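Reading through the structure tokens given below for one structure.
Coordinate-derived values only; no laboratory data. These figures come from a predicted structure and were not determined experimentally. Ideal geometry is used to build each Cβ from the backbone, glycine not excepted, and the neighbour counts take in all protein chains shown.
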Amino acid sequence: MLLIFAWSVAIGWVLGLATSVHGVTPSSNIGTVDVVPPQYQLAEELYLENCATCHIALPPAVFPTQTWRDILRDSQHYGVQIQPLVDPQRILVWRYLSTFSRTNLQEEPTPYRLYQSRYFRALHPGIKLPSPSSVSSCISCHPGASEYNFRRLSQEFE
């Protein structure tokens, strides 16, 4: 009986160490929808540096992976001519976006607008979204969106 008790305490202690959140960024400071592990933080910084200088950077989860792939390849960015990223920055940003986005269903068309994305709609259940939704309308509900903080909500939704 003593051996079983000691074994249980040891297992509990090891599991406690393995699942410890010590050193992890508190959720109030995360900003995005997902916690970004250290191996993707440089890629996230590159994404923000290249995208958030012209408009609000969207969390990767709002679009499927196919949309992000097409956006990274295309020099025509929603009607504006841009200089696409080149390797190795493009590869790093792609790994970040593809890791934190989800794939589209096979028969589903690839969305290029927020209101077309089922992921965007799933992240906003029960919310009457403006029609059409745009990146600039994010600020009305997410006042920290310009700082890539989509966890902080306006008083209306807290």
Exactly one condition in (1) out of contact with any helix residue (DSSP H, G or I) (no Cβ under 6 Å at 6 or more places or on another chain); (2) closer than 16 Å to residue 117 by Cα; (3) hydroxyl-bearing (Ser, Thr, Tyr) is false for residue 65; which is it? (1)
Does the stretch 119-130 hold any residues that are without any contact (Cβ under 8 Å) to a residue 24 or more places away in the chain, in a helix (DSSP H, G or I) and surrounded by 14 or more Cβ atoms within 10 Å (Cβ to Cβ), and which are they? 121
Members of the stretch 105-147 that are within 18 Å of residue 47 (Cβ to Cβ) and touching a Leu at 6+ places or on another chain (Cβ under 6 Å): 120
Taking only the stretch 70-86 into account, find how many residues are surrounded by 12 or more Cβ atoms within 10 Å (Cβ to Cβ) and of a type in the set (A, V, I, L, M, F, W, C). 4
What are the residue pairs meeting all of these: first residue in the stretch 131-158, first residue over 16 Å from residue 56 (Cα atoms), second residue in a helix (DSSP H, G or I), Cβ atoms under 8 Å, and 6 or more apart or on different chains? 131/115; 132/114; 132/115; 154/140
